[in-house]
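The values are calculated or read from the model by the stated rules, or taken from the named source; none is laboratory data. Remember, it's a predicted structure, so these values are computed and weren't measured experimentally. Every residue, glycine among them, receives a Cβ derived from its backbone with ideal geometry; neighbour counts consider all protein chains shown.
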Amino acid sequence: MISGTIGAALDASWRPVLAPAVVAITAMAVMLVGSRLGEEDSEGLGWLTFSGLALAALCAFAAVGRHAPAFAGALIVDDYTAFFYCLIAVCAAMVVLLSLDYVPALELPSTEYYALLLSATVGMMLLAAAGDLIIIFLGLETMSISVYVMAAIARRDPRSSEAGLKYFLLGAFSTGFLLYGIALLYGATGSIKLEAISRALQSSALAASPLVLLGLAMMLIGFGFKVAAVPFHAWTPDAYEGAPTPVTALMAVGVKSAAFAGFLRLLLVYLPALHAQWGGALWVLAALTMSVGNLVALAQNNVKRMLAYSAIAHAGYILVGMTAAGGAAGAAVLYYLLGYAFANLGAFAVLVAVERVEQPGTTLADLGGLAKGQPMLAAAMALFMLSLMGLPPLAGFVGKFYVFSAALQAGYVWLVVLAALNSVISTYYYARVIVAMYVNEGAERKLRARRPGLSVALAVAIAATIIIGVDPRPYVEMAAGAYASAAGIARSGVRAAFLAH
Amino acid sequence: MTANLLTLIIFVPLVGALAVALFADERTVWPAAFIFSLLPLALSIYLLVAFNPHDNGYQFVERRPWIADFGVSYHVGVDGISLFLVPLAALLVSLTLLYASGGDIDRRPREFCFFVLMLETGLLGVLLAVDLFLFYVFWELTLIPIYFIIGIWGSQRRVYAAFKFILYTMLGSLLMLVALIYLVLHARGYLGAATFDLTDLYRVPLSHAQARWLFAALALGFAVKVPVWPLHSWLPDAYSEAPTAGSMLLGGAMFQMGVYGFLRFAIPLFPEVAREAAPLFMALGVVGIIYGALLALAQSDLKRLVAYASVSHVGFVVLGVFALDRFSVEGAVYQLITHGLSTTALFMAIGMIYLRRRTRAIGELGGLWRPAPMLGAILMVAMLSAVGLPGLDGFVGEFLVLLGAYFASWQAAALAVSGLILGVLYMLWAYERVMFGPLAKSADRGIADLAPREVAVIFPLIALMFFLGLYPRPLLRRIEPSVVAFLARAQAAPAPALSFDRAKPQEFAGLRVVP
């Protein structure tokens, strides 16, 4: 209703970018207000950020069902975009709720923090809506640069600086690859528009040209860095561990979802003609990413680091779905991201709640005896771990089921068997967290007084993890509708290509 | 009431679990949980009465669509194979709660009751689900509570045991999940739509290689759970490290899940391959019988002894199922019930000894008969039931299994009998060392015999042992038609390859929205 009124008041051509525009305006407002308020009122800034994001989510939700290219095709607005607008805005809003306690406790500069969070969100949204290569690049960079700074924002903590620097150096490196790939694709096809590139690659002569293949390979590497696929994952553990915990949550959920949104649209919707080329590469990436992520996670004692490797492993499962390509796979990946996002946000929310100011970073030993002192927190963490493990009837299970089904349908039996074996391995390290909380005794620890914001975030994450899993119908519908709207707009021939293998 | 009877049976414990977790306090938690566990028991006794013994199909069926995009339905039903396992599970859960409240579980009672009731929902769901997806959900749902029960309330090496248990089970179940999805996607080409409904999936034509892989994946999942030798190594650790209440649930109510999976899913879905694999599984069963018995002889801890005795006894069940003979399968189903009773009673009796003496080591016990004759009598009945003394329940099942196995392979039956002899040996030898002879400690003279509450807990089990041993007919009469139907499926000829184009592309989950 509200968003409808706002939408009507604006020129029609603005409607497709309403959500990112709202976020961008909020970012400016935060900077203006923040410079007046000074540091002590960081909570007010947080709520301002939160309301901007909530409004953006509302605008995105109101845009469901409308299909229009905007700005001469640079942005594509369809249900796929709306899905990711909503997901990204909700994730960012949850991160704000996590930050309300955290920012003042660590004495982070709140104006910069929230403004950067919002600008990162704008980047993510652009990436999800990108209709040409330049917007992919712009979105990715707006997102990444903001997150580099956010990772390093705890200036007094050397590990935070290390995280920011590592993330920045490797991120910049990967951007080089991506840009080179973009240039090559442009050179080969003569266009930066995804639509036009897709059409040009219909000709088999062009599709086999070395220029296109090299460009594709470069772009795979670039995106591989952003989604933290092995062997391009080296930055992830240090960046996740060192960054302030809410920022880690943003990296694990928001950045990952947005990067996959762009990656998925590029490969599955616009480059299915090259599936023969990228399918094999993704197969290897998926197998490596799952296996390395899970195996290395086994050895982690720091929970944030463990969650970093777990995020790598989950990127691997998502890559399994992408390898399969096709309508079911696209929808499965979207659904998977939904379940993954809430379980991870919840886990990070628990970490924020138990983290001590003087000693950031939580080891398994720090979680000892949590079930006794904080039964609700421990139960919530156990729930998130079980969902990440993929146990029914939680969201993570249905996501895995969906992805496995799509990949099996496409004939990737061995890749799915490998994914199943990997899930067995993952059981061990997720269960370790539960053991630490429920079995091990720990020193009595005094937790910070928890503000209501964090409790709200936890409640939302718990409810979503259960509801999305127990009654998956509306969310499957949503994911399938979103993907179909992207694929349907792309080309009518896409469907035939999906079913061909 | 009959319209939703099975749903009520399955979900009342879950409601109870949530209610206990949210509302009960330390004082009210035990009675509340116990009452919630009595409801499904009462309903399942009504189920026994209302069951039509002449019908060999599913009864009390409820079927409604659930996740249409995946072809998943909420489909539950009960037949002669699952009929008695439902009240058995409900009874054992109630007795476990009653027993545990008497001092076995001395901390975090609320969480314990929550997990036990959640486990009950999973168990009953596994037994009653007719939809493969639903079955899998319940199957995994049993995993979490028992993992917590071992991990939180177990003894010294509980964490190790809990990890071993969960990793073994997950290995089996995730490959099973892959196989189930594959089967459904394959069947879609014949059925026109994806469906996880078991009744639609029988006799879907499969190539031999496909059937083999699928059977192997399912069989692995179920064999780990049974457990079939050599996949048993999690069992002694889990059984002996769990608290007594956990051992009772594991040994009494959960071991049926694996065998039930073979009877309900693995064999009827892939009958040809199952027939091919039958000699292998019979052999593994026999190895399990002898191996378990020999290791039971060597144990110095009472609980580990019962654990290895379980390995031995489930060997009989596996032998019976894969002999694919009417007598042997009936005997195997009967043993699912009787072995549940005797194992639960044994763990309970050992738990009672442990509460008095704080040890389970056979070497540190002795002469307990004199101060505690009732405890001695109960342990005796439980042991004799386990080794199959005529007149007690264990005999009926073992006799039928051996009879049927003899028709299938007299060598297997002959070797299996040695397990019976060894069984008498290890049980009675242990009994002699614990109950007779001089008192191990002079202080033992003062140990108390059974309290009225303990008698109340164990009496239903003892009574059932005698009843099922002396008058098995009411049960066998109801089990038989379903076993005949099972064998008809298991002996079925290969499904004919259909003539229409099986490669016809079918849309799946989410694809239907596409132009």
Query raised in the report: Do you know which residues across segment B:159-192 are at the interface with chain A (Cβ under 7 Å from one of its Cβ atoms) and within 20 Å of residue A:441 (Cα to Cα)?
Result: B:159, B:163
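Listed here are the residues, each with its yes/no results for (1) in contact with a Pro (Cβ under 8 Å, 6 or more places away or on another chain); (2) at pLDDT below 90; (3) crowded, with 24+ Cβ neighbours inside 10 Å; (4) within 20 Å of residue B:160 (Cα to Cα).
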{"residue": "A:382", "(1), (2), (3), (4)": "no, no, no, yes"}
{"residue": "A:397", "(1), (2), (3), (4)": "no, no, no, no"}
{"residue": "A:405", "(1), (2), (3), (4)": "no, yes, yes, no"}
{"residue": "A:411", "(1), (2), (3), (4)": "no, yes, no, no"}
Query - Selection status of residue A:54, assigned to a helix (DSSP H, G or I) and at pLDDT 90 or above - result: yes
Report task. Looking only at segment B:148-157, decide whether some residue is over 23 Å from the mean Cα position of the chain (by Cα), surrounded by fewer than 24 Cβ atoms within 10 Å (Cβ to Cβ), at the interface with chain A (Cβ under 10 Å from one of its Cβ atoms) and of a type in the set (Gly, Ala, Ser). Result -> no
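Go through the residues of segment B:194-208 one by one and say whether even a single one is within 10 Å of chain A (Cβ to nearest Cβ), under 23 Å from residue A:400 (Cα atoms) and in a helix (DSSP H, G or I).
Within segment B:194-208, the first condition is being within 10 Å of chain A (Cβ to nearest Cβ), and the residues that meet it are B:194.
Pick out the ones that are also under 23 Å from residue A:400 (Cα atoms) and you get B:194.
This time we only want the ones that are in a helix (DSSP H, G or I), so: none.
No: zero hits.
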Query raised in the report: Among A:200, A:217, A:188, A:205, which is loosely packed, with under 15 Cβ neighbours inside 10 Å and either out of contact with any strand residue (DSSP E or B) (no Cβ under 9 Å at 6 or more places or on another chain) or touching a residue at least 60 places away in the same chain (Cβ under 8 Å) (or both)?
Result: A:205
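Looking at residue A:265, is it of a type in the set (D, E, K, R), touching a Pro at 6+ places or on another chain (Cβ under 8 Å) and part of a helix (DSSP H, G or I)?
Numbers: of a type in the set (D, E, K, R): yes; touching a Pro at 6+ places or on another chain (Cβ under 8 Å): no; part of a helix (DSSP H, G or I): yes.
So residue A:265 fails the test.
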Report task. For segment A:98-109, name all the residues that are farther than 12 Å from residue A:350 by Cα and among the hydrophobic types (A, V, I, L, M, F, W, C). Result -> A:100, A:103, A:105, A:106, A:108
Query raised in the report: If you go through segment A:243-261 one residue at a time, do you hit one that is in a helix (DSSP H, G or I), in contact with a helix residue (DSSP H, G or I) (Cβ under 7 Å, 6 or more places away or on another chain) and over 26 Å from residue A:90 (Cα atoms)?
Result: no
Report task. Could you check, for segment A:444-457, whether at least one of its residues is at pLDDT 90 or above, in contact with a Leu (Cβ under 8 Å, 6 or more places away or on another chain) and surrounded by fewer than 17 Cβ atoms within 10 Å (Cβ to Cβ)? Result -> yes
Query raised in the report: Residue check: is residue B:320 in a loop (DSSP other than H, G, I, E, B) and either at pLDDT 90 or above or surrounded by fewer than 24 Cβ atoms within 10 Å (Cβ to Cβ) (or both)?
Result: no
Query raised in the report: If you check B:187, B:211, B:219, which single one turns out to be part of a helix (DSSP H, G or I), closer than 20 Å to residue A:411 by Cβ and modelled with pLDDT of 85 or more?
Result: B:211
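Do any helices (runs of 4 or more DSSP H) entirely within segment A:368-427 hold 2 or more residues that are in contact (Cβ under 8 Å) with a residue 60 or more places away in the chain, within 7 Å of chain B (Cβ to nearest Cβ) and touching a helix residue (DSSP H, G or I) at 6+ places or on another chain (Cβ under 9 Å), and if so, which?
A:395-409
Kindly indicate whether any position in segment B:114-127 is farther than 25 Å from residue B:348 by Cβ, more than 9 Å from chain A (Cβ to nearest Cβ) and hydrophobic (A, V, I, L, M, F, W, C).
no
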Query raised in the report: Here is a list of conditions, (1) within 14 Å of chain B (Cβ to nearest Cβ); (2) farther than 30 Å from residue A:482 by Cβ, and residue A:355 meets all of them except one; can you say which number that is?
Result: (1)
Query raised in the report: Limited to segment A:428-440, what total is found for residues that are more than 8 Å from chain B (Cβ to nearest Cβ), of a type outside the set (A, V, I, L, M, F, W, C) and more than 18 Å from residue A:316 (Cα to Cα)?
Result: 2
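How many of the residues in segment B:8-27 are exposed (fewer than 15 other Cβ atoms within 10 Å of the Cβ) and at pLDDT 85 or above?
From segment B:8-27, those exposed (fewer than 15 other Cβ atoms within 10 Å of the Cβ) are B:15, B:18, B:22-23, B:25-27; that's our starting set.
In the following step, the residues that additionally are at pLDDT 85 or above were identified as B:15, B:18.
Residues in segment B:8-27 being exposed (fewer than 15 other Cβ atoms within 10 Å of the Cβ) and at pLDDT 85 or above: 2 in total.
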Query raised in the report: Which one of the conditions (1) closer than 24 Å to residue B:185 by Cβ; (2) crowded, with 19+ Cβ neighbours inside 10 Å does residue A:371 fail to meet, given that it meets all the rest?
Result: (1)
Query - Extreme residue, farthest from residue A:340 (Cα to Cα), among residues of segment A:72-100 that are outside any helix (DSSP H, G or I) and in contact (Cβ under 8 Å) with a residue 40 or more places away in the chain - result: A:73
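Condition check ((1) buried (at least 24 other Cβ atoms within 10 Å of the Cβ); (2) away from every other protein chain (no Cβ under 14 Å)) across all residues:
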{"site": "A:287", "(1), (2)": "no, yes"}
{"site": "A:290", "(1), (2)": "yes, no"}
{"site": "A:294", "(1), (2)": "yes, no"}
{"site": "A:297", "(1), (2)": "yes, yes"}
{"site": "A:304", "(1), (2)": "yes, yes"}
{"site": "A:314", "(1), (2)": "yes, yes"}
{"site": "A:318", "(1), (2)": "yes, yes"}
{"site": "A:322", "(1), (2)": "yes, yes"}
{"site": "A:328", "(1), (2)": "yes, no"}
Query - Tally, over segment A:112-136, of residues that are surrounded by 21 or more Cβ atoms within 10 Å (Cβ to Cβ) and over 15 Å from residue A:84 (Cα atoms) - result: 10
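Could you go through segment B:102-114 and let me know if any residue there is of a type in the set (A, V, I, L, M) and surrounded by fewer than 24 Cβ atoms within 10 Å (Cβ to Cβ). Break it down into steps so the answer makes sense when it comes.
If we filter segment B:102-114 for residues that are of a type in the set (A, V, I, L, M), which is where we start, we get B:105.
With the extra rule that they be surrounded by fewer than 24 Cβ atoms within 10 Å (Cβ to Cβ), the set shrinks to none.
Checked against the condition, which is being of a type in the set (A, V, I, L, M) and surrounded by fewer than 24 Cβ atoms within 10 Å (Cβ to Cβ), segment B:102-114 yields no hits at all.
Conditions (1) surrounded by fewer than 24 Cβ atoms within 10 Å (Cβ to Cβ); (2) within 16 Å of residue A:139 (Cβ to Cβ), marked per residue:
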residue	(1), (2)
A:229	no, no
A:234	yes, no
A:237	no, no
A:249	no, no
A:253	no, no
A:259	no, yes
A:266	yes, yes
A:277	yes, no
A:280	yes, no
Query raised in the report: Regarding residue A:120, is this residue in contact with a Ser or Thr (Cβ under 7 Å, 6 or more places away or on another chain), of a type in the set (A, V, I, L, M), at negative phi and at pLDDT below 90?
Result: no
Query raised in the report: What is the one condition in (1) without any contact (Cβ under 8 Å) to a residue 12 or more places away in the chain; (2) in contact with an Asp or Glu (Cβ under 8 Å, 6 or more places away or on another chain); (3) of a type outside the set (A, V, I, L, M) that residue B:330 does not satisfy?
Result: (1)
Report summary line: Filter segment B:128-141 for residues that are within 11 Å of chain A (Cβ to nearest Cβ) and not charged (D, E, K, R); the one that is surrounded by the fewest Cβ atoms within 10 Å (Cβ to Cβ) is B:141
